[in-house]
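These notes concern the structure reproduced below.
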Amino acid sequence: MALRFQSNVDFTDVPIPTTTRPNAPSSGTTIRRAKTLTRPERSVAPVPLINSHPAIVPDSSYNGSQVWRITSRVLTCWAPDFLLSSLGGLKDKNVRQAWREKMTLCMIILALCGVIGFATVGTQRVLCPQNTSAQTQFLRLNSTPGTLGVLGHVYNVSSAKSSSVNLLGLSEASSGQDITQYFNRDASDFSECSGLSFRVALDAPCSTTNPCTLGNINSSSTFTSLGMQDTGAIVGYSWEQVTALQNYFVIDGAVLNMTTYMNLHPTSVPTDNVDAVLRTLLQGSTSVRGRDGTRLFYSRSDLESAVPCLKQRYYAGNIDKVTPGCFASQLILYAGLIVILGLVLIRFVMACIFSWFLSGRLAGAPDSDTLNRNAISPAVMPEGANVSIDNRNGTAPWAAPGGGAKKLNKKDYSKSDRSFGSSTTLANSTSDGSVAPVMSLASIGAELFAVCLVTCYSEGEDSLRTTLDSISRTTYSDSRKLLFVVADGMITGAGEKKSTPDICVGLLEADPRFGNPIPMMYEAVGSGDKAINRAMVYAGHYTVAGRRTPTIIVVKCGNEAEAAAGHKAGNRGKRDSQLILMNFFSRVTYNDRMTPLDFELFRKIHILMGVTPDFFEVCLMVDADTKVFPSSLGSLVNCMHHDQMIMGCCGETRIANKRQSWVTAIQVFEYFISHQMAKAFEAAFGGVTCLPGCFSMFRLKARKSSGDDWVPLIIKPEIVKEYSQNEVTTLHQKNLLLLGEDRFLTTILLRTFPNRKMMFLPQARCRTVVPDTFKMLLSQRRRWINSTVHNLMELVLVRDLCGTFCFSMQFVVFMDLLGTVVLPIAISLTYTLIAGMALDPPQTFEEAIPLILLVSVLGLPGVLILITTGKIVYCFWMLIYLAALPVWNFILPIYAFWHFDDFTWGETRKVEGEVKQIDHSSGGKKLDNQTVPLRRWEDWERSRLRKLRREERRRREFERAHPAGYIAGEDDLLSARDIRSQYDGSDAYSIASSEDDHWGMQIGGYNENSTQFPPPPVGLVPEDRALESAKTVDASELEAMLESGFDDRDRPPTAPAYTPRFQLSDSGSSTQLAPGNNGYAPITRSTSPTNTPTSPSFGASRAGPGGARQHYGPLGPLDPATRL
């Protein structure tokens, strides 16, 4: 099944398309970065899962595999398009194609279920039918006392009586031995011997040599009178027994007793070919006697004609080996037992080993050797991204001067053809004023700078507060973690009175330095008019229980058209919320061109944290209904510390509302076993296939083992580009992108970095709220199951995963994929097996093999509970889960498979007034993405400083022009509006000296670093509006005023009616006048706006670690590396 979409992909290493004009070709020697085997991160990137630029095909709207498309149309040829359009209501051709692909996948799943069912039940019935099985019920010679054999059939002679033959004595001598020669019979009784001229067919069975003392062998009364009972079994012989018995040989598995013939003809019979062959087999050497005579008799036609006669007349039993069909059936049964039981046991053992020995070491604090080593500084960009003639070290442009004595030297480029990024060495040298690219990890400490991403959509205030409280209360230092909350649109949850953005902002203690934010543009995940979005950035602190955590809240408010419409303005989905953070750190890491939203985030994170964003190394992704345990964040960061090869790690997710309903009760054990057994087993090999989006940590960038460079991981441009695809048309692509973002992101990382690790850490725990109604559970599991199937289709083709052949993660992924799609037939066969075992208990080991498998699969998790947690209560939850197996393995998978073409999120998150959700890949009129300004940090910062100087000059000119004050009208502002387009011109225009910088509208209107110059007002308050700012008194104050009385006497004015708001001095600084003379005196920025103990003071400097004063420069805090 071709689902890789490789037919339209060029396998060359093509750089990401940009709109930047390429440099002119140089005629001289150039320096280029080459691919090497020692740098796997620079190898050719894997083929993208989603091809955003397909080759020209007959139908340009379909960018999947044409082989798969043709296959789906052939298998669904019984449903023509006109019927699907008229009767099925599928008007759009892409919708019809998705329906065809869904039906094709369902047919394939049905065929796989049929194969599994046939291998389990049908194989034995076809290869070893019931009648064949009944005929091959052998009783081995000398195995059952009180039995004898007649013409191969076993008779019970324990109560037999005969005056001529001691039957009991014969049975005691050799139970099951052949006594056919004692019964009376005639040569004419054997029809197969008629017409043959050989002595074996013509001789009379009874003679003086071979007397027959018992009755007629063909009469049932003979056996009745003797008291012999037919057991229905066949006398079985082994090859060793046939060899030991005289005058016995084998043809076609039938054992023939030739004792009567050899007694009658002690010497050879002339001209009798059958006699010659018999004497060769029976009277030859020991190595020949007793061997199979099938080949000799079937080598000539005359001898072959005697075989039926020999079997009918001299038959004594059979070799007690199963038939080839029954043997093949048993082989398949035992192979299935070994494979399935082996996988279950290996999973169990490896999960126990990981929980006992490996996870505890990962969760522990890093040792001194790890922290005391030197490594590359965050100020250095990866792979020489910012190397230039003026910046030989490749440091970031925002890194302030003042480094230490140790720095990164470059080799002599004339002696090396390696690239700038790969030709660095660690050495000591004199300081030249640049930032030191090498630093000791002890200066950063055990707590890495971590950003905690919380994505919210329609959650209520209680859920949001619970999540933010839990993160803020973690044992992790507030100075090393940043809360990054993204509100996905102007959404009001069902049953909520306030919108989600209002709830988020209401929980924030806003930093007064930043004022009110303005909407900033960015490129969103969407098509058409949804490709561009706007967002506002609120900055401040989240305070709870004495903790004060720096917090950024991003509110997606939509473009102008969406804001006017008002319905879910700005909503682009969870993937877009994650990409806001991923794009930002990717551009910061490479100093790539930033959007206005990126620059806004850069400035506010810089001020809040005291370090530039490139110091952040890890990102914790949490949903808005998750409660994080206090030590979880520190445990995940310790795991990242111990192994630089770990690029992602998740913790154990438990259920917060386990007793809310029967729906939540059946999920408790499912969550437990999926983490403690499935993820623990995968983590033992470093290949967890799904890091849940509700609680996972990803590494933004990792230091190389050599310590001389960075390796971007989740922020690698290729990963960000692939994760941000929005033009998806095929069913497979939409199931990958629109239903399971967390699993798709894990799949991309494993495909891009197959040699790195994805881990699970049981010491990091959280609690989350799960669906409490069956409708919500059905919607959630539909998305999860379909996303799992399509992501495993991609992972099963990754060849570089850990292990080889059956002992590899690739084989485990294949078994997981197969086990997922055959869940319905598996549960059906399970209940069929239980019913069959109850009605007919197994008698042999072969019959008990399925029961052994069932007990192993269902019983080992109970043992795992006792070993890993020791909580007996989970055994109770396991019984509830087992009772609900039909729901998990039959109802949910069948519902999910039938809804392969449903890409909505359904009932998991409901919005007030919403009827049906649609995915964000559909948009209106196509817009040009270049309407979003993209400029480097240097250009944005240059424009910001120019804007500050311009506004300060305008403010001074305004005060000089109006020394006695100014009364503004309704819309009378300080300056005329700029009616030019903010997108005119280019980067070159913005770099040029210009007083009217047209980028000013894309920069926040605040100067957070200035304590002397507040931001200029947009208008002055006239005298008749003075009461609008009057103080409101409460009842107690009013009562005190009434008791003391009023002084109504007129007072002479002590000051002019209007006084200047600012007094200019010769030094150019402004002094604010004291209030009381009808002047304007806002609160200064050097004092706290409130009297709360948690409010900071904002001055030109503030106390840093250890009480040292930290000074601010024109761009914010000075270089963090000097502090560290």
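The values are calculated or read from the model by the stated rules, or taken from the named source; none is laboratory data. From a predicted model like this one, the values you see are computed outputs, not experimental measurements. Here Cβ is always computed from backbone atoms with ideal geometry, including for glycine, and neighbour counts include all displayed protein chains. Quick note on the areas: whole protein, heavy atoms, side chains included, nothing else; ligands and nucleic acids left out. Shrake-Rupley method; radii C 1.70, N 1.55, O 1.52, S 1.80 Å.
Does segment 528-541 contain at least one residue that is under 15 Å from Thr931 (Cα atoms), of a type in the set (D, E, K, R), surrounded by fewer than 17 Cβ atoms within 10 Å (Cβ to Cβ) and at pLDDT below 90?
yes
What do you reckon, is Ser163 farther than 30 Å from His899 by Cα and open to solvent by 60 Å² or more (accessible area, probe 1.4 Å)?
Taking the combined requirement at face value, the residue satisfies it.
Out of all the residues in segment 620-637, which are surrounded by fewer than 24 Cβ atoms within 10 Å (Cβ to Cβ), more than 14 Å from Glu652 (Cα to Cα) and not acidic (Asp, Glu)?
Across segment 620-637, the qualifying residue is only Gly634.
With Thr653, Thr689 as the choices, which residue is in contact with a helix residue (DSSP H, G or I) (Cβ under 8 Å, 6 or more places away or on another chain), part of a loop (DSSP other than H, G, I, E, B) and more than 20 Å from Glu617 (Cα to Cα)?
Thr689
Based on this model, can you work out whether Leu110 counts as over 30 Å from Gln330 (Cα atoms), surrounded by 11 or more Cβ atoms within 10 Å (Cβ to Cβ) and modelled with pLDDT of 80 or more?
no
With respect to Pro886, is the statement that it is open to solvent by 40 Å² or more (accessible area, probe 1.4 Å), free of Cβ contacts under 8 Å to residues at least 24 places away in the same chain and not β-branched (Val, Ile, Thr) true?
no
Open to solvent by less than 60 Å² (accessible area, probe 1.4 Å) and not in a helix (DSSP H, G or I) - does that describe any residue in segment 845-864?
no
Which residue pairs have Cβ atoms under 9 Å apart, sit 6 or more places apart or on different chains, and have a first residue in segment 218-238 that is free of Cβ contacts under 8 Å to residues at least 24 places away in the same chain and a second that is in a strand (DSSP E or B) and surrounded by 12 or more Cβ atoms within 10 Å (Cβ to Cβ)?
Taking only residues 6 or more apart or on different chains, the pairs are Ser221/Gly215; Ser225/Gly215.
So, Ser674, is that one within 27 Å of Gln810 (Cβ to Cβ), free of Cβ contacts under 8 Å to residues at least 24 places away in the same chain and under 13 Å from the mean Cα position of the chain (by Cα) or not?
So Ser674 passes the test.
Could you please find all residues in segment 585-619 being touching a Gly at 6+ places or on another chain (Cβ under 9 Å), open to solvent by 10 Å² or more (accessible area, probe 1.4 Å) and of a type in the set (A, V, I, L, M)?
Listed by number, the list holds a single entry, Leu608.
Taking segment 711-738 only, how many residues are out of contact with any Leu (no Cβ under 9 Å at 6 or more places or on another chain), of a type in the set (A, V, I, L, M, F, W, C) and open to solvent by less than 10 Å² (accessible area, probe 1.4 Å)?
Qualifying residue count, segment 711-738: 1.
Going by the conditions given, is Lys556 crowded, with 24+ Cβ neighbours inside 10 Å, within 16 Å of Gly489 (Cα to Cα) and among the basic types (Lys, Arg)?
yes
Could you tell me whether segment 336-356 includes any residue that is without any contact (Cβ under 8 Å) to a residue 12 or more places away in the chain and open to solvent by less than 50 Å² (accessible area, probe 1.4 Å)?
Yes - at least one qualifying residue is present in segment 336-356.
Hey, can you tell me all the residues within segment 291-315 that are open to solvent by less than 10 Å² (accessible area, probe 1.4 Å) and part of a helix (DSSP H, G or I)?
The answer is Phe297, Leu303, Val307, Cys309, Leu310.
May I ask you to list the residues in segment 455-505 that are of a type in the set (Phe, Trp, Tyr) and either under 26 Å from Asn533 (Cα atoms) or open to solvent by 40 Å² or more (accessible area, probe 1.4 Å) (or both)?
Of everything in segment 455-505, those that are of a type in the set (Phe, Trp, Tyr) and either under 26 Å from Asn533 (Cα atoms) or open to solvent by 40 Å² or more (accessible area, probe 1.4 Å) (or both) turn out to be Tyr457, Phe484.
What is the number of the single condition among (1) assigned to a loop (DSSP other than H, G, I, E, B); (2) touching a strand residue (DSSP E or B) at 6+ places or on another chain (Cβ under 9 Å); (3) within 30 Å of Arg703 (Cα to Cα); (4) of a type in the set (S, T, N, Q) that Thr475 does not meet?
Answer for Thr475: the failing condition is (2).
Per-residue answers, yes or no, for (1) part of a loop (DSSP other than H, G, I, E, B); (2) at pLDDT below 90; (3) farther than 30 Å from Asn591 by Cβ:
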| position | (1), (2), (3) |
| --- | --- |
| Pro886 | no, no, yes |
| Phe890 | no, no, yes |
| Ile894 | no, no, yes |
| Glu907 | yes, yes, yes |
| Arg950 | no, yes, no |
| Phe958 | no, yes, yes |
| Pro963 | yes, yes, yes |
| Ile967 | yes, yes, yes |
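Any idea which of Lys757, Lys701, Lys679 is charged (D, E, K, R) and closer than 27 Å to Trp877 by Cα?
After ruling out the rest, the residue left standing is Lys679.
Restricted to segment 171-192, and to residues that are surrounded by fewer than 16 Cβ atoms within 10 Å (Cβ to Cβ) and touching a helix residue (DSSP H, G or I) at 6+ places or on another chain (Cβ under 9 Å), which residue is nearest to Asn218 (Cα to Cα)?
Only one residue tops the list, namely Asp189.
Looking at (1) touching a residue at least 24 places away in the same chain (Cβ under 8 Å); (2) surrounded by fewer than 19 Cβ atoms within 10 Å (Cβ to Cβ); (3) over 25 Å from Lys658 (Cα atoms), can you tell me which one Phe807 breaks?
So the condition that Phe807 fails would be (1).
When you scan segment 821-841, do you find a residue that is part of a helix (DSSP H, G or I), of a type outside the set (D, E, K, R), in contact with a His (Cβ under 8 Å, 6 or more places away or on another chain) and open to solvent by less than 40 Å² (accessible area, probe 1.4 Å), even just one?
No; the residues of segment 821-841 include none that is part of a helix (DSSP H, G or I), of a type outside the set (D, E, K, R), in contact with a His (Cβ under 8 Å, 6 or more places away or on another chain) and open to solvent by less than 40 Å² (accessible area, probe 1.4 Å).
Which members of segment 669-680 meet the condition of being hydrophobic (A, V, I, L, M, F, W, C) and open to solvent by 10 Å² or more (accessible area, probe 1.4 Å)?
Ile673, Met677, Ala678
Test Asn257 against the stated conditions and say whether it is under 16 Å from Gly149 (Cα atoms) and either modelled with pLDDT of 90 or more or not small (Gly, Ala, Ser) (or both).
Considered against the rule, which asks whether it is under 16 Å from Gly149 (Cα atoms) and either modelled with pLDDT of 90 or more or not small (Gly, Ala, Ser) (or both), Asn257 comes out as yes.
So if I check each of Asp708, Asp800, Asp742, which one is within 30 Å of Gln660 (Cα to Cα), acidic (Asp, Glu) and open to solvent by 20 Å² or more (accessible area, probe 1.4 Å)?
Sole residue among the options that is within 30 Å of Gln660 (Cα to Cα), acidic (Asp, Glu) and open to solvent by 20 Å² or more (accessible area, probe 1.4 Å): Asp742.
Scanning for something over 15 Å from the mean Cα position of the chain (by Cα), hydrophobic (A, V, I, L, M, F, W, C) and assigned to a helix (DSSP H, G or I), does segment 777-797 turn up at least one residue?
Scanning segment 777-797 turns up at least one residue that is over 15 Å from the mean Cα position of the chain (by Cα), hydrophobic (A, V, I, L, M, F, W, C) and assigned to a helix (DSSP H, G or I).
(1) open to solvent by less than 30 Å² (accessible area, probe 1.4 Å); (2) in contact with a strand residue (DSSP E or B) (Cβ under 9 Å, 6 or more places away or on another chain); (3) under 23 Å from Met439 (Cβ atoms): which one isn't true of Leu691, the others all being true?
It is condition (3) that Leu691 fails.
Taking interchain pairs and intrachain pairs at least six residues apart, which have beta carbon atoms under 8 angstrom, with the first residue in segment 992-1006 and open to solvent by 20 Å² or more (accessible area, probe 1.4 Å) and the second part of a loop (DSSP other than H, G, I, E, B) and at pLDDT 75 or above?
As it stands, the answer is Gly1005/Gly515; Gly1005/Ile518, since those pairs meet every condition given.
So which residues in segment 855-886 are small (Gly, Ala, Ser) and in contact with a Leu (Cβ under 7 Å, 6 or more places away or on another chain)?
Within segment 855-886, just Ser856 meets the criteria.
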